[in-house]
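Peer 1: Attaching a single structure in structure tokens format; questions to follow.
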Amino acid sequence: MSKQDRSGWAVFGIGDFRLFGAARFLTGLAYQMQAVAIGWFVYDLTHSALALGLVGLAGFLPAIVCALITGHVADAYDRRLVGAGAFALQSVASFGLLACALSGVHVVWPIYALVILVGTARAFANPALQALLPTLVPTAQFSSAIAWNASLWQSASVMGPALGGFLYALGPAVVFGGAGASFALASVLTALIRFRPAAVSERPPITWAALSAGIAYIRSQPVVLGAISLDLFTVLLGGATALLPIYAGAVLHVGPLGLGALRSMPAFGAVTMAVLLANYPLRRHAGLRMLRAAAVFGGATVVFGLSTSLPLSMACLFVTGAADMISVYVRQTFVQGETPDAMRGRVSAVNTVFIGASNELGEFESGVLAAAIGAVPAVVVGGAATVGVALLWGKLFPALRNRDQLIVQG
């Protein structure tokens with residue numbers, strides 16, 4: 001393998017990965033823009049922390065309700081078309097939100113209904129796309145593809161919240177319309193990826209054993225189970241995203257533009273770390289570094305919760321994003337790199353429930369706790385609990401703590 005082939009940029013020489021990455025970037029941009037707009041729109045209507053938490057719950061429920069079905073679909077059908085169809089459905093939901101904004105809706109339930117539609121589309125898209133990625137690149141470039149895939153999403157997540165906050169100042173309809181167009185273009189790009197029929201030829205039967213194979217596989221792999229569950233509780237307890245509108249409005253007094261900047265910082269930290277990992281992948285102590293990253297995430301969350309300074313708050317959110325990216329990089333490499341292709345969709349669906357949907361469930365938990373004890377205590381308690389989980393997981397999962405290499409060579 002040449003020096004150029006070993007470089008972190010070589011993966012972009014693959015046309016299908018470029019299409020995949022472009023769609024990933026567009027959907028990340030659309031989702032993050034829309035998340036800012038939905039949060040501020042709901043807060044404008046309700047001025048309620050609990051209402052913000054319910055947005056997270058509405059986004060979470062489809063993933064857990066449909067988990068076994070979405071994994072089966074990802075393993076049984078053309079993963080490109082599953083992803084393309086899911087993006088098209090998200091585009092429809094965005095234009096529905098546009099209609100709500102233009103009509104001057106004064107009740108919140110239509111927004112919850114459309115967030116559920118978005119969550120349903122994401123529930124089908126995530127396992128299909130996670131299972132598709134390893135088939136697009138050679139094994140030697142897989143770790144680099146994982147890091148760049150995360151980097152593209154997080155790059156969009158840096159731009160998306162800031163752009164969403166800026167455009168929201170022109171009206172929520174502008175944000176929702178732009179998001180709908182981005183999802184539609186991503187649908188087209190995903191459909192253009194070269195067809196790979198292997199998943200269809202290995203279509204699993206619709207039985208309980210087949211549907212639950214992802215759960216059984218994860219339970220049999222202590223490293224994978226430890227990594228997924230650690231990330232679950234880190235995001236569930238330590239996530240403060242749902243409360244950022246309160247911090248922007250009542251604690252830091254920075255308004256919608258400040259909210260966009262705050263939401264951008266975790267992604268900015270994540271993309272910075274992802275670029276580093278793409279060019280300088282972890283060689284040793286992968287499990288221990290994941291545990292340490294979770295503890296750093298929790299500690300930075302505690303400091304953010306106590307901060308009344310915008311620069312300090314942004315710095316803390318940057319650190320949480322960088323620490324979380326280490327965890328994402330290690331976990332995704334374990335999950336996608338060691339799972340047989342024929343069941344990769346079902347394993348990815350379970351992973352989506354534990355990780356992708358835990359963001360929304362974490363928002364619900366944060367909203368409920370903030371409604372009970374206040375936003376600042378809720379963030380501080382959650383961050384401290386995350387540090388405790390990182391220490392506890394080091395004891396409960398010695399196989400994860402002692403895992404050295406990212407990919408075990410057969």
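The values are calculated or read from the model by the stated rules, or taken from the named source; none is laboratory data. The model shown is predicted, which means the values in this text are computed figures rather than measured ones. Backbone-built Cβ (ideal geometry, glycine too); neighbour counts: all protein chains shown. With ligands, DNA and RNA removed, areas are computed over all heavy atoms of the protein, side chains included. Shrake-Rupley method; radii C 1.70, N 1.55, O 1.52, S 1.80 Å.
Peer 1: Being modelled with pLDDT under 90 and closer than 14 Å to G28 by Cβ: is that true of A156 here?
Peer 2: Spelling it out, A156 is indeed modelled with pLDDT under 90 and closer than 14 Å to G28 by Cβ.
Peer 1: Shifting gears a bit: Please list, ordered by first then second residue, the pairs with beta carbon atoms under 8 Å, 6 or more apart or interchain, first in region 117-143 and under 16 Å from I193 (Cβ atoms) and of a type in the set (V, I, T), second assigned to a helix (DSSP H, G or I) and open to solvent by less than 10 Å² (accessible area, probe 1.4 Å).
Peer 2: These pairs meet every condition: V137/V11; V137/F17; V137/A145.
Peer 1: Would you mind stating whether V389 is at pLDDT 80 or above, assigned to a helix (DSSP H, G or I), open to solvent by 40 Å² or more (accessible area, probe 1.4 Å) and over 23 Å from Q336 (Cβ atoms)?
Peer 2: No.
Peer 1: Further question: For region 124-172, what are the residues that are within 26 Å of F60 (Cα to Cα) and either among the charged types (D, E, K, R) or touching a Pro at 6+ places or on another chain (Cβ under 8 Å) (or both)?
Peer 2: Listed by number, the residues that qualify are A147, S157, G165, Y168.
Peer 1: Out of region 69-83, which residues are open to solvent by 10 Å² or more (accessible area, probe 1.4 Å) and either of a type outside the set (K, R) or closer than 9 Å to G180 by Cα (or both)?
Peer 2: Hits for region 69-83 are I69, H72, V73, Y77, D78, L81, V82.
Peer 1: Report, ordered by the first and then the second residue, all pairs with beta carbons closer than 6 Å, sequence separation of six or more or different chains, a first member in region 70-91 that is assigned to a helix (DSSP H, G or I), and a second member that is polar (S, T, N, Q) and open to solvent by less than 10 Å² (accessible area, probe 1.4 Å).
Peer 2: R80/T190; G83/T190; A84/T190
So that you can scan it fast, the table gives a plain yes or no per residue for (1) open to solvent by less than 50 Å² (accessible area, probe 1.4 Å); (2) in a helix (DSSP H, G or I); (3) in contact with a helix residue (DSSP H, G or I) (Cβ under 8 Å, 6 or more places away or on another chain); (4) under 21 Å from E363 (Cα atoms):
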site: A250; (1), (2), (3), (4): no, yes, yes, yes
site: M265; (1), (2), (3), (4): yes, yes, yes, yes
site: A274; (1), (2), (3), (4): yes, yes, yes, no
site: V302; (1), (2), (3), (4): yes, yes, yes, yes
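Peer 1: For region 159-181, which positions are in a helix (DSSP H, G or I), under 25 Å from F318 (Cβ atoms) and either open to solvent by 20 Å² or more (accessible area, probe 1.4 Å) or at pLDDT below 90 (or both)?
Peer 2: Scanning region 159-181 gives M159, G160, P161, A162, L163, G164, G165, F166, L167, Y168.
Peer 1: Quick one: how many residues across region 363-377 are without any contact (Cβ under 8 Å) to a residue 24 or more places away in the chain, in contact with a helix residue (DSSP H, G or I) (Cβ under 8 Å, 6 or more places away or on another chain) and either charged (D, E, K, R) or on the phi > 0 side of the Ramachandran plot (or both)?
Peer 2: Within region 363-377, residues that are without any contact (Cβ under 8 Å) to a residue 24 or more places away in the chain, in contact with a helix residue (DSSP H, G or I) (Cβ under 8 Å, 6 or more places away or on another chain) and either charged (D, E, K, R) or on the phi > 0 side of the Ramachandran plot (or both) number 0.
Peer 1: Now, a different point. Considering (1) part of a helix (DSSP H, G or I); (2) within 24 Å of I146 (Cβ to Cβ); (3) not aliphatic (A, V, I, L, M), say which one R283 fails and leave the rest.
Peer 2: (1)
Peer 1: Hey, among V36, V55, V107, V42, which residue is among the hydrophobic types (A, V, I, L, M, F, W, C), closer than 30 Å to G249 by Cα and not in a helix (DSSP H, G or I)?
Peer 2: On the way: V36 fails: not in a helix (DSSP H, G or I); V55 fails: not in a helix (DSSP H, G or I); V42 fails: not in a helix (DSSP H, G or I).
Matching residue, one of V36, V55, V107, V42: V107.
Peer 1: Considering each of F17, F41 in turn, give the residue that is within 29 Å of I193 (Cβ to Cβ), open to solvent by less than 30 Å² (accessible area, probe 1.4 Å) and among the aromatic types (F, W, Y).
Peer 2: On the way: F41 fails: within 29 Å of I193 (Cβ to Cβ).
Going through F17, F41 in turn, just one is within 29 Å of I193 (Cβ to Cβ), open to solvent by less than 30 Å² (accessible area, probe 1.4 Å) and among the aromatic types (F, W, Y): F17.
Peer 1: Given the structure, is A49 modelled with pLDDT under 85, open to solvent by 10 Å² or more (accessible area, probe 1.4 Å), under 30 Å from A250 (Cα atoms) and not charged (D, E, K, R)?
Peer 2: Criteria met by A49.
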